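The values are calculated or read from the model by the stated rules, or taken from the named source; none is laboratory data. Predicted, not measured: the structure shown is a model, and the values here were computed from it. All Cβ positions, even for glycine, are placed from backbone atoms using ideal geometry, and neighbour counts span all protein chains on display. Ligands, DNA and RNA are excluded from the accessible area calculation, which covers all protein heavy atoms including side chains. Shrake-Rupley method; radii C 1.70, N 1.55, O 1.52, S 1.80 Å.
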Amino acid sequence: MASRGSFASKFGVLMATVGSAVGLGNIWRFPYQMADNGGDAFLLMYVICVFFMGVPAMMAEFIIGRHTHRNAVGAFESLAPKTSWTGVGYLGVFTGFIIDCYYCVVTGWTLYYLYKSVTGSLLGGTMDSYAQMFSAFAADTWLPIILLIVVVIITCGILVMGVQKGIENVSKVLLPMLFVTLIILAVNSCLMPGALDGLKFMFVPSKSNVTLFTFLDAAGQAFFSLSIGMGALITYSSYFDDNINITKTATQIAVIDLLVAVVSSLIIFPAVFTFGAEPEQGPGLVFKVLPSVFTQMKIGWLWSVMFYLLLFIAALTSFLSITEVVVAYASETFNLKRLTSSIIIGAIFVVIGSVTSLSFGPLKDVTLFDMTIFELMDYLASNILLPVGGVLISVFVGWRLDRKVVASQLKVESPKQYKLLSVYIFFLRYIVPVTVGGVFASQFFS
Ligand code: TRP
């Protein structure tokens, strides 16, 4: 087996895992999910899902990963050999494929908008012209494909450099850049005249119809945003040292991830309200609405460069973690060099990613269950595969894994800590599966 890497420092671990968590899910998906679901009520449910289901499930992945020091499939093979539990690992690799194939498309879009911002050609249009521009660009056959190829090459290039020199070092540089940019943009937005309306939209309770579906959306969003349910965190934590505190790291990631999602909305909604744009725009929000907002702002080009750079960094570091699941699995299982497996996997992503990209243009009429290929991949991953994966991983650690392993990974020693451990196991055994399972089932019976 190829020798395994490991992260070198606590800071590196935090930046890499936060890099995985903070992504398009926070900046692109969260704001429009919140807008579509009536703002504040969604936010509250989201916070509940993050801390009561997200953190326990994330810790479960860390326990499996660090205990076994294996990739997502290998981890289950070593803990429950020759049982169907290994299927959970395979499910993770499969989910990674599905997410990657549309994530690279959207990451490519961010690159296009970044390029147009830098060259100054983005600004100067109207709301309508931006909507048209986006549709025309996404529907184009070649440009989005070329961009996704660039994204795949950058990603595989970083992965080939290895865990420490590639993933860790890149994250240590890019993530602090992301935080600084995020804060500058948020302060700027909140100083705008429409900031209060934006904040009201986010925080003041409205009489919106909150249904079980709102909760499903919130739970799905939490799993997606925290990178739970497909072994990305099993894979990353297999590179953790013994001195990493799992509970603390999981909580830190959840808090930072939540803050980034909320701050991203603080960037978007005040600006949207100030310049009279529509908040409910679905997935097009950051691509169709924001350019018109930047056009109306003083030194808008600078803000747009910063915003799309932020989006690109966030997307890239998440894309890295999803791809690493597949690369680690392939290199360790088939005994390949990381270079070889990255090239093979990159090539596969380019092919399937291109088909996904074409679902905005030439293949837009190819639908299944009323969804285009792109929509189907997103739905399948976020609403089905990730919740199923997350629950299975939690159930595995809660019911099947030796309690001693859990205790030793969480460094449980005192009687008080043992009590907390029972609470934790209770969450894994009942709260996570029952809640996620119930909400999950409800979507098929309504
Ligand atoms: N969390 C990332 C985001 O918010 C996406 C992501 C990265 C992911 N790795 C993952 C989602 C693993 C699920 C599983 O955009």
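Summary of values
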item: Some residue of the range 58-81 being among the aromatic types (Phe, Trp, Tyr), modelled with pLDDT under 95 and either open to solvent by 10 Å² or more (accessible area, probe 1.4 Å) or within 14 Å of the ligand (Cβ to nearest atom) (or both); result: no
item: Residues within the range 221-243 that are open to solvent by 10 Å² or more (accessible area, probe 1.4 Å) and more than 10 Å from the ligand (Cβ to nearest atom), tallied; result: 3
item: Counted residues, the range 347-384 - those being exposed (fewer than 14 other Cβ atoms within 10 Å of the Cβ) and part of a loop (DSSP other than H, G, I, E, B); result: 5
item: Identity of the residue in the range 84-120, farther than 15 Å from residue 318 by Cα and polar (S, T, N, Q), that ends up surrounded by the fewest Cβ atoms within 10 Å (Cβ to Cβ); result: 84
item: Pairs where the first residue, in the range 16-45, is open to solvent by less than 10 Å² (accessible area, probe 1.4 Å) and outside any helix (DSSP H, G or I) and the second is among the small types (Gly, Ala, Ser) and away from the ligand (no atom under 12 Å from the Cβ), C-beta under 7 Å, 6+ apart; result: 39/206
item: Condition met for residue 86 (of a type outside the set (Asp, Glu) and either within 23 Å of residue 378 (Cβ to Cβ) or in contact (Cβ under 8 Å) with a residue 24 or more places away in the chain (or both)); result: no
item: Which listed residue is touching a residue at least 24 places away in the same chain (Cβ under 8 Å), crowded, with 24+ Cβ neighbours inside 10 Å, within 15 Å of the ligand (Cβ to nearest atom) and among the aliphatic types (A, V, I, L, M), from 158, 167; result: 167
item: Residues satisfying the stated conditions in the range 159-206, i.e. farther than 30 Å from residue 4 by Cα, part of a loop (DSSP other than H, G, I, E, B) and among the hydrophobic types (A, V, I, L, M, F, W, C); result: 191, 192, 204
item: Test for residue 357: is it at pLDDT below 95, among the hydroxyl-bearing types (Ser, Thr, Tyr) and within 30 Å of residue 287 (Cα to Cα); result: yes
item: Residue match in the range 27-36 (condition: within 30 Å of residue 287 (Cα to Cα), of a type in the set (A, V, I, L, M, F, W, C) and touching a Gly at 6+ places or on another chain (Cβ under 9 Å)); result: yes
item: Hits in the range 389-410 (condition: open to solvent by 90 Å² or more (accessible area, probe 1.4 Å) and touching a residue at least 12 places away in the same chain (Cβ under 8 Å)); result: 399, 400, 403
item: Some residue of the range 415-425 being modelled with pLDDT of 90 or more, touching a His at 6+ places or on another chain (Cβ under 7 Å), assigned to a helix (DSSP H, G or I) and more than 26 Å from residue 212 (Cα to Cα); result: no
